[in-house]
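Step one of this worksheet: look at the structure below.
The values are calculated or read from the model by the stated rules, or taken from the named source; none is laboratory data. Remember, it's a predicted structure, so these values are computed and weren't measured experimentally. Here the Cβ is made from the backbone with ideal geometry for all residues, glycine too, and neighbour counts use every protein chain on show.
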Amino acid sequence: MTTALITHADCLQHVTPEGHPEQVARLEHILHALEPLDLARYTAPLAAEDDILRIHPAGYLSGLRKARPQEGFAQIDGDTYMSPGSIDAAFRAAGAVLKAVDLVMAGDAGNAFAAIRPPGHHAETETAMGFCLFGNAALAAKHALDHHGLSRVAVVDFDVHHGNGTQDLLWAEPRALVVTSQQMPLWPGTGRPEEDGAHDNILNIPLAPGSGRAEMQAAYEGQAFPRLRAFKPELIIISAGFDAHQDDPLASLNWSTGDFAWITAELCKLAQELCQGRIVSTLEGGYDLNALAAATRAHVEELIKAAS
């Protein structure tokens, strides 16, 4: 078995204003870091409109298309922008996670990483926010459940910011378990433990500012991993944000590159135990370019070890 890498050049055409942290260079640095690795490389298709409508209403999609600028930028909310290439990039990002699920479910890859932008875990049902347009991780979960007929899918989100969009999109989905750790307090302000979903299907794990490996390991070993074992998912989807890194400018957790390798390796062990190793990982945050590239490479290297 191999690890699949799914990406597309269109994801480089989602351009943000100068100085914006969610920039084209993020994906360029990641692809450069992954270039030497032995990966099965795939070009992301465009998601079909019906795929997007699995999680977002038609009016939301229509509104994004109307907001698309012919040149320059359109500001969607306080920190979310669209350029002329953003819609195609978002459809490629969604298509990448769908392709990743299909490859893993068909047994054509042991696991998969979608190197995409814009990211997705802040996009709520009818609201683009936090640099995100479509809820990619939630879409992957719904595709696995509805298209591939799975009964239980888990999303694990270790981005430093709470995945409020994934939580919103899967809040009432009893077949999905969302496990998410995040610095608290921090934008967007959601992610309290009492936000537990319509079917007790969401586990929020707040982490204190300044905390590092010891606190992260205790939280995952004490809360996240037991909950995943009890749920017995048939596929694990990772919202892989790397902004908990100690060098990241937008938050203040103290994870090292090795910590991302550790959590990935542990999730791979769980996937081997619970769901034949099936993991689909999709890129979320991470805004120090060098730390992002190093942590992403460490993450993908652990996926490769698990798939081989």
(request) Those residues that are touching a residue at least 40 places away in the same chain (Cβ under 8 Å), surrounded by fewer than 24 Cβ atoms within 10 Å (Cβ to Cβ) and part of a helix (DSSP H, G or I), I need them from region 103-122; list them, please. (result) L103, M105
(request) Among the numbered conditions (1) outside any loop (DSSP other than H, G, I, E, B); (2) surrounded by fewer than 15 Cβ atoms within 10 Å (Cβ to Cβ); (3) of a type in the set (D, E), tell me where D200 comes up short. (result) (1)
(request) Just give me the residues in region 82-102 being in contact with a His (Cβ under 6 Å, 6 or more places away or on another chain), in a helix (DSSP H, G or I) and over 30 Å from Q276 (Cβ atoms), in sequence order. (result) S86, A89
(request) Restricting attention to region 63-81, report how many residues are at negative phi, over 24 Å from the mean Cα position of the chain (by Cα) and either surrounded by fewer than 14 Cβ atoms within 10 Å (Cβ to Cβ) or in a loop (DSSP other than H, G, I, E, B) (or both). (result) 5
(request) Of the conditions (1) assigned to a loop (DSSP other than H, G, I, E, B); (2) among the aliphatic types (A, V, I, L, M); (3) buried (at least 21 other Cβ atoms within 10 Å of the Cβ); (4) touching a Ser or Thr at 6+ places or on another chain (Cβ under 9 Å), V15 clears all except one; give me its number. (result) (3)
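For (1) without any contact (Cβ under 8 Å) to a residue 12 or more places away in the chain; (2) closer than 24 Å to F242 by Cβ; (3) in contact with a Lys or Arg (Cβ under 8 Å, 6 or more places away or on another chain), each residue gets a yes or a no:
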position	(1), (2), (3)
H32	no, yes, no
A40	no, yes, no
E49	no, no, no
L53	yes, no, no
Y60	no, no, no
L64	no, no, no
Q70	no, no, no
(request) May I ask you to say which residue of G286, G222, G277 is out of contact with any Cys (no Cβ under 8 Å at 6 or more places or on another chain) and in a loop (DSSP other than H, G, I, E, B)? (result) G286
(message) Any residue that is of a type in the set (A, V, I, L, M), in a helix (DSSP H, G or I) and within 24 Å of A138 (Cβ to Cβ) - is there at least one of those in region 242-253?
(response) no
(message) Can you pull out every residue in region 203-219 that is surrounded by 14 or more Cβ atoms within 10 Å (Cβ to Cβ) and either among the hydroxyl-bearing types (S, T, Y) or assigned to a helix (DSSP H, G or I) (or both)?
(response) S211, R213, E215, M216, Q217, A219
(message) Is it the case, given these coordinates, that A230 is over 18 Å from the mean Cα position of the chain (by Cα) and assigned to a loop (DSSP other than H, G, I, E, B)?
(response) no
(request) Being on the phi > 0 side of the Ramachandran plot, over 18 Å from the mean Cα position of the chain (by Cα) and not charged (D, E, K, R) narrows it down to one of Q246, Q276, Q272, so name that one. (result) Q276
(request) Output the residues belonging to region 258-297 that are out of contact with any Asp or Glu (no Cβ under 9 Å at 6 or more places or on another chain), without any contact (Cβ under 8 Å) to a residue 60 or more places away in the chain and surrounded by 19 or more Cβ atoms within 10 Å (Cβ to Cβ). (result) D259, L270
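Check whether at least one residue in region 123-137 is in a helix (DSSP H, G or I) and either closer than 21 Å to G163 by Cβ or over 13 Å from the mean Cα position of the chain (by Cα) (or both), and report yes or no. Quick ask: steps written out before the conclusion?
The initial filter retains those residues of region 123-137 that are in a helix (DSSP H, G or I), namely 136-137.
Among the residues that remain, those that are also either closer than 21 Å to G163 by Cβ or over 13 Å from the mean Cα position of the chain (by Cα) (or both) are: 136-137.
Checked against the condition, which is being in a helix (DSSP H, G or I) and either closer than 21 Å to G163 by Cβ or over 13 Å from the mean Cα position of the chain (by Cα) (or both), region 123-137 yields at least one hit.
Being assigned to a helix (DSSP H, G or I), in contact with a Gly (Cβ under 7 Å, 6 or more places away or on another chain) and modelled with pLDDT of 95 or more is the requirement here; does A261 meet it?
no
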